[in-house]
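Contents: one structure, followed by commentary.
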Amino acid sequence: MMINKITGEACKATRSLWEEVFYEDSVQFTDYYFQNKAGKNIGYVIGEAPYDAMMFRTPYQLHIGNQQREISYLVGVATREVCRHRGYMRSLLMHSFKEMYEEKQPFTFLMPANPAIYEPFDFRYIYERDMWKLKDGIEIEGLYRVSDLQEQFPDISILWMLADFANEYLKEHCNIYVHRDVEYYEMQMKELAAQNGDIYVLFEQSKIKAFFLYAKEEGEVFIQEVVGEEGDIPDFLQREETKKPIIMARIIHLEEMLKLVCSKEHRKLTIEIEDDLIPENTGTYDWEITPNGSKVTKIQKDSECVDLKAAGSEYEALNEKYEANGKMEGIMQRFSMHIRELAPYILRNVFINEIV
């Protein structure tokens, strides 16, 4: 089968396939996507337009530890109904893995409709979203809609203020998050408008204290994101007890990924990794971790590595240490595991709420 790569305006030719597969999306939201997002993607398609199958890579700038890297968000993975069960999705994913590996992308991520579809390709959940609901209403003193502020005060860059506040907050609280700037929030405002929503901001002495993203479709309210310290979040927003897993990730270039990992303490480890789908990742590595990043060297296989998949209590102890601090402290000095097991340990403390 022939896989073709498309970019820019050519990606917009996939709209009929998008509408067939993602039929639950409103016309308003689909218009937003193809007017604002599709043309910035890298796409892979099978067949002739309007195509039998497709997949997009949407570039996002992510902060990962102490670095900022471009990471591909996989969206629009779709096969026309009459063409399913032919291995098209697998071919598209494997093709994208090869290209992203050549580009030295550390990992890729997606929001799955069904996680079981992506688990065979070694995707694992790395982010659970806090779920929020409105208790009373949203008309309180000190709370403003960003769209109204843009109209009333066109000379004041409220979007710059939002970006600055969000980046400072996320830098303090998260290890992996999407970089925010004015362009990011311009796009966010268009996306929310397509969902009958807006950004609501709480000010105190002309400074942002908290904000949240609000959408409403088919009468249902959805709080996509809340940013702010616990004591600054408005009382009418209530956090639910359970979180919702929403983002899965797959390590693409292992050495590049390991280099981004930081630790409060200087650590030296030996790891043996197996990767059936990207065989270039398979091997044994000396891994030196510092507060500023890591040094990684591929070496000959070391038979003394501990197989964490069979280590039982040792494996659970490692998991508990990670859960406690979200860092690399306490990890065993030598271990062996499949790359799918490694991803949830090094892709931690994540904040990714993007939909497309």
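The string of couplings for the range 90-95 from the Karplus curve (6.51, -1.76, 1.60, θ = phi - 60°) is 4, 4, 5, 5, 5, 5 Hz, one whole number per residue in order, with x for Gly and Pro. Over all other residues within a Cβ to Cβ distance under 15 Å of Gln35, the charged ones net out to -1, with Lys and Arg as +1 and Asp and Glu as -1.
Between the range 18-43 and the range 67-88, the alpha-carbon centres lie 14 Å apart. Beta bridges per DSSP, both residues in the chain: antiparallel share near 85 percent. As a ratio to 2.2 N^0.38 Å, the alpha-carbon radius of gyration computed for the range 132-242 takes the value 1.03. The ranking of His63, His179 from fewest to most other beta carbons within 10 Å of each one's beta carbon is His179, His63. 3J(HN,Hα) along the range 184-196: 4, 6, 4, 5, 4, 5, 5, 5, 5, 4, 5, 10, 6 Hz, from the Karplus curve 6.51 cos²θ - 1.76 cosθ + 1.60 with θ = phi - 60°, whole Hz, x for Gly and Pro. Residue by residue, the range 45-58 carries 3J(HN,Hα) couplings of 9, 10, x, 8, 4, x, 6, 9, 7, 7, 7, 10, 10, 9 Hz when phi is fed to the Karplus relation 6.51 cos²θ - 1.76 cosθ + 1.60 (θ = phi - 60°); x denotes Gly or Pro.
Only counting other Cβ atoms within 10 Å, I'd like Met55, Met337, Met1 sorted with the fewest neighbours first.
Met1, Met337, Met55
Summary of packing: across the peptides 91-98, 72-79, 203-210, the per-residue average of other C-beta atoms within 10 Å ranks them, highest first, as 72-79, 91-98, 203-210.
Quick check: from the Cα gyration tensor, does the chain come out rounded (a/c under 1.5), prolate or oblate? In terms of gyration-tensor shape, oblate.
Taken together, the values in this text are just the output of simple stated rules run on the coordinates, not laboratory data. On a predicted model such as this, the values are computed, not experimentally measured, just so you know. Positions of Cβ are generated from backbone atoms using ideal geometry, with glycine treated the same way; all protein chains shown enter the neighbour counts.
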